[in-house]
Amino acid sequence: MKLTSIELHNFRPYFGAVRLSFAKDEQSGLILVHGHNGYGKTSLHTAIQWALYGESGSKELHEHFNYQALKQKGAQMNVGLSFSHQGAEYRVVREARPVEFPVIKPSDVARSTVSIYRNGAQLSQGDVEAIRERIESIIPKDASQFFFFDGEQIAQYTASDRTKHAKDAIALVLGLRVARVAIDDAQEILVSVKRERNKAIAQNQAHSKLVSTQDELARQIEALSSEEHATQKRIADRKEQRRAAAVELDGLQEVEGLSKERQRLETELSVVDKARAEVVEALQKEARGLYVRMLGAKVSGAHTTAMSDLEKARDHAASSRVEQAVGQFIDQVLTTGRCICGRSVGPAESDAIRALVQPAKASAQGSQLTPEELNALAAQVHDLAKARQKCEYASQRFDELRARYADLNRQKSGLESRIAALSSQIRGVDDESVTTLHRLIDEADKEIQLSLRELGSIEARLEEATKASADLERQIAKVALASVTARAFDAQVRLLEKLIAALEQYYVQSALARKDQVAQKANHFFRQLTNKPDSYSEMFIKDDFGFGVKAKDGTMPDMNQVSAGEKQVVAFSFILGLNAYAHAEAPLMIDTPMGRLDVPHRQNLAKALAGLDQQVFLFVTDTDLGFGVDELLRGAVRREVEIVQDDSTLTSRIRELGGGNE
Amino acid sequence: MSSVYWGGATKVYTASRDKYEALTDSESGVPEAFPRFVDVFNFAAALGIARGQRQPFSKDGPEILNMYSVDAEGVLGPLLMALHPNAPSQERYHMLLEYAEWGVNILWNEWKATGTVDPAAYIDE
């Protein structure tokens, strides 16, 4: 860290703005800040620390506020520091302003706010803690006491009891902060881990109770799972039975279709049978007259013959009547010997006539039927005519019925075949089977529904139990984890303890190593600064970074018995040695460096300070530079300013010595 | 049936009642053609007349019919009278029974052989 500028505004004796810039060549070497007591040297020194680290309280802040500025409404106080650090340009601005006017009490001034910029960009805006850490990383506050200090107070560094705070501060300067922070963090973690371990151990006791509950729950889940499985199996079995029954029923229903077809055919058959029966009845009726059909030809022949005979007989009978009348005439003529015309018939004519009629008479008498015979013949002809008619009619009607009967027989035969074929397909099926299957399916459906509801209930309970088990599992895992964690924590505790021990050891060893380095350097400075080189062989640094001197005779006088000036020399030697190995690079700011030193020591200190290549601010009064000190320092002085004060307003300003003020 | 043809006979006799029963059986017979004994008799008689064949038998066997139910069509009487004009009616009656006796044997033989009788086969000859 090398300061490049300081700006003050209404800070302590500085009313208004005051600025001090440092050129490149002024960032190493000495910068002298002159000023009388009370003019503001220490205020400048304080401003730098306030800018970096802020105030301890409102009282301090109130004291920082320039009293004239406090009288102005709206006035603000700020300090701006610009510095380079590790290749970057930083600027820190801290400011404060009153919240009440007029400002009567310290709390009327609000706590300061700070901003930090790096290469012009604001860092961690509004994040106070981040800004503080950033500044701490550049130059820790606890370490700053070894960079920014009052020469008159330096004897405190020689206190025989090095407080832990002081030891830690030295450790910070020597870069042992990391180890220190690691140790502190590890210890903090150790405390936290121990706490968690103890908590985990306490939870162990809850673990066995939870496990017992979990076992019971597991038994319940197992029982429910078995029940679920059994119910599912029951449902599956029933579904399979139902499926089989449904398949069988489908088959039966297919058969039922066949059965219906068979029924239809049977109905059709019954119709055919009925028609056949009617035809049979008709045939039977016709059969009664069937026999006449067979005799048709004979009857026809007999009728024809009879009719011929009858005709002949009738013709003969008719001729007979004529012949009879002629015979009667002839007889009369023969008897009377006279014709009807009156003519007489002679004997010869009578003989001739007799010779003619006698054979005819004789044949007529032989073939002539009697009227009764003729009537009988006529009756026979009549009967034969009727019989003939019957024969002809019977022929026609019977053929028709026969054809119909044959057709019906064919239909019957066909239907019976089809019915037989269907019957063989539907053999064994009956309505009872269908009814049974329907009942089976209905029962299966009801049982399946019931089982499904049951299953739903089991699943709900199982889900509940599983969920409870899962919750319990998580609790157990947590608790188990706690027991595991307890062991883990225990292991961590042991590890941390070892780590802390190792870090402490490292810290101590590092510190010892550094101590030796610092001691060597401090001893170098001590030899430069002491004006009793014959009395003291060396200064030494203790393990706790307390230090002392060793006399030439080997004794080590008690530091409380060493003079204040000598203590100051030893302390300066230590600080200069410490600065040589400081982890943090920072300007040395020494207020009133000569303090209580006598002239030889002052001169020696001036030589030593002039030989430093770091940026050193010396806030000096006139008396500090007397006795040749100024000359000893002059070669190393890069910049010289003076703080002057207005007697009337008691406001200070900075004036360049040899140049204009800022 | 006019009794003038049959000399006043009142009964029909046969020596083949079993044949009549067989032919008229409703299950195994030929009921469509021969539903009754009289149908068998008429057809058998007609068959015998048509073939001119008679089977004499003892007329003291069982009677199977009444004459009045025979030949309801009134064909057999006139035909037999025409075929046997000189036979007395009593003789024509016996002829009728013998014609029928011959005929029933023929029918029964066919039935025995085939299980049925086709009347048309006889009619169409």
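Both radii are taken from the alpha-carbon atoms of segment B:1-46; with Rh as the Kirkwood radius, Rg/Rh is 1.05. Relative to a virtual label point 7 Å from the Cα of B:K11 in the Cα→beta-carbon direction, which members of segment B:96-113 show backbone nitrogen distances below 20 Å? Residues B:96-102 qualify, since their backbone N sits under 20 Å from the label point.
Contact-buried residues of segment A:371-406, at a threshold of 40 Å² lost accessible area versus the chain by itself: A:Q380, A:D383, A:K390, A:R402 (1.4 Å probe; DNA, RNA and ligands ignored). With no solvent and one point on each alpha carbon, what is the Debye value of log10 I(q)/I(0) for segment B:12-125 at q = 0.23, 0.24 Å⁻¹? Values, matching the q order: -1.38, -1.49.
Take every Cα-Cα pair in segment A:272-315 and report what % of them are more than 11 Å apart.
Working: 679 of 946 pairs.
Cα-Cα pairs in segment A:272-315 separated by more than 11 Å: 72 percent.
Can you give the extra length, in nm with one decimal, that the chain gains between A:H438 and A:E63 once fully stretched, where that is 0.36 nm per residue apart less the Cα-Cα distance? Net length gain for the segment: 124.3 nm. Helix A:347-367 and the longest principal axis of the C-alpha atoms of chain A enclose an angle of approximately 30°.
When only Cα pairs under 8 Å and 6 or more residues apart are kept, what is the percent relative contact order across segment A:83-137?
On the way: 66 pairs, mean separation 16.4, N = 55.
With pairs under 8 Å counted, the relative contact order is 30 percent.
Summed over the residues of the protein assembly as shown and divided among them, the accessible surface reaches 51 Å² per residue at a probe radius of 1.4 Å. Between A:L356 and B:T114, what's the calculated FRET efficiency when r is the beta-carbon distance and R0 is 51 Å? Round to 0.05. Using R0 = 51 Å, I get an efficiency of 0.15. Subtracting the Cα-Cα distance of A:F101 and A:D630 from 0.36 nm times their residue separation leaves 185.8 nm of extension gain. Pairs of Cα atoms nearer than 8 Å and 6+ residues apart set the relative contact order; for chain A it is 27 percent. Candidates A:A223, A:S192, A:G126 compared by Cα position along the dipole of chain A: farthest toward the positive end lies A:A223, with charges placed on Cβ. Its alpha carbons give segment A:556-634 an Rg and a Dmax of 12.9, 36 Å. What the Cα convex hull of the protein assembly as shown gives, in volume per residue, is 443 Å³. Take the Cβ atoms of A:N119 and A:Q76, set R0 to 22 Å, and the FRET efficiency comes out at 0.30.
Where both partners of a DSSP beta bridge lie in the protein assembly as shown, what percent of those bridges are antiparallel, to the nearest 5? Present the calculation step by step, with values, prior to reporting the outcome.
On the way: 47 of 66 bridges.
Restricted to the protein assembly as shown, the bridges split so that about 70 percent are antiparallel.
Ballpark to the nearest 100 Å², how much total accessible area do B and A bury together, probe 1.4 Å? Answer for the B-A pair: about 2300 Å² buried.
Once the Cα gyration tensor of segment A:538-590 is found, what semi-axes does its equivalent ellipsoid get, as square roots of 5 times the eigenvalues, in whole Å, sorted largest first?
Working: eigenvalues 109, 33, 14 Å².
Value: 23, 13, 8 Å, ordered largest first.
The charge dipole of segment A:271-420, taken about its Cα centre with unit charges on the Cβ atoms of Lys, Arg (+1), Asp and Glu (-1) only, comes to about 560 debye.
Compared with the alpha-carbon gap, the fully stretched path from A:A23 to A:L512 is longer by 172.2 nm at 0.36 nm per residue. Highest GNM mean-square fluctuation among B:D39, B:D25, B:D60, for chain B modelled with Cα contacts below 10 Å: B:D60. Applied to segment A:603-615, the Karplus parametrisation 6.51 cos²θ - 1.76 cosθ + 1.60 on θ = phi - 60° returns per-residue 3J(HN,Hα) values of 5, 4, 5, 4, 4, 5, 5, 5, x, 7, 9, 9, 6 Hz, with x for Gly and Pro. Note on the protein assembly as shown: with neighbouring protein chains present and a 1.4 Å probe, carbon and sulfur make up 50 percent of its accessible heavy-atom surface. Size of segment A:243-306 from its Cα atoms: along the principal axes, largest to smallest, the extents are 88, 14, 10 Å.
Could you work out [θ]222 nm for chain A from helices alone, using -39500 (n - 2.57) per DSSP H run of at least four and dividing by all its residues? Round to the nearest 500 deg cm²/dmol. Could you put the intermediate results ahead of the total?
Working: 15 runs with 417 residues, N = 662.
Dividing the helical sum by the residues of chain A leaves -22500 deg cm²/dmol.
Listed by chain and number, the aspartates and glutamates placed with their C-alpha closer than 16 angstrom to that of A:K532 are A:D553, A:E566, A:D598; residues fewer than eight positions away on the same chain are left out.
Counting only other chain Cβ atoms within 10 Å of each residue's Cβ, the peptide A:295-302 averages 6. Shown here are the Rg and Dmax of the Cα trace of segment A:210-334, at 50.3, 173 Å.
Calculated on C-alpha atoms, the gyration radius of segment A:374-506 divided by its Kirkwood radius gives an Rg/Rh of 1.94.
Let me have the relative contact order for segment B:39-125, percent, based on Cα pairs under 8 Å that are six or more residues apart. Please list the in-between numbers first.
Numbers: 72 pairs, mean separation 44.6, N = 87.
With pairs under 8 Å counted, the relative contact order is 51 percent.
Equivalent-ellipsoid semi-axes for segment A:45-93 (Cα gyration tensor, √(5λ), whole Å, largest first): 25, 13, 7. Comparing B:E98, B:E27, B:E63 in a Gaussian network model of chain B where C-alpha atoms under 10 Å apart are linked, the largest mean-square fluctuation is found at B:E27. Under a 5 Å amide H cut-off, with hydrogens placed 1.01 Å from N, A:D150 pairs with A:D591 among residues at least 5 apart or on other chains. Note on A:D250 and A:R418: their simple-model spin labels are 2.7 nm apart, each label 7 Å out from Cα toward Cβ. Gyration tensor analysis over the Cα atoms of segment A:495-570 returns equivalent ellipsoid semi-axes of 31, 12, 10 Å (largest first, whole Å). Diffusion coefficient (Stokes-Einstein, Kirkwood radius over C-alpha pairs, 25 °C, 0.890 mPa s) for segment A:164-265: 111 µm²/s, rounded to a whole number.
A loss of 50 Å² or more of accessible area (1.4 Å probe, protein heavy atoms, ligands and nucleic acids excluded) relative to the isolated chain is seen in these residues of segment B:100-125: B:I123.
The values are calculated or read from the model by the stated rules, or taken from the named source; none is laboratory data. This is a predicted model, so every value here is computed, not measured. Ideal geometry is used to build each Cβ from the backbone, glycine not excepted, and the neighbour counts take in all protein chains shown. The protein model used for the area step is the full one, side chains on, heavy atoms only, and it has no ligands, DNA or RNA in it. Shrake-Rupley method; radii C 1.70, N 1.55, O 1.52, S 1.80 Å.
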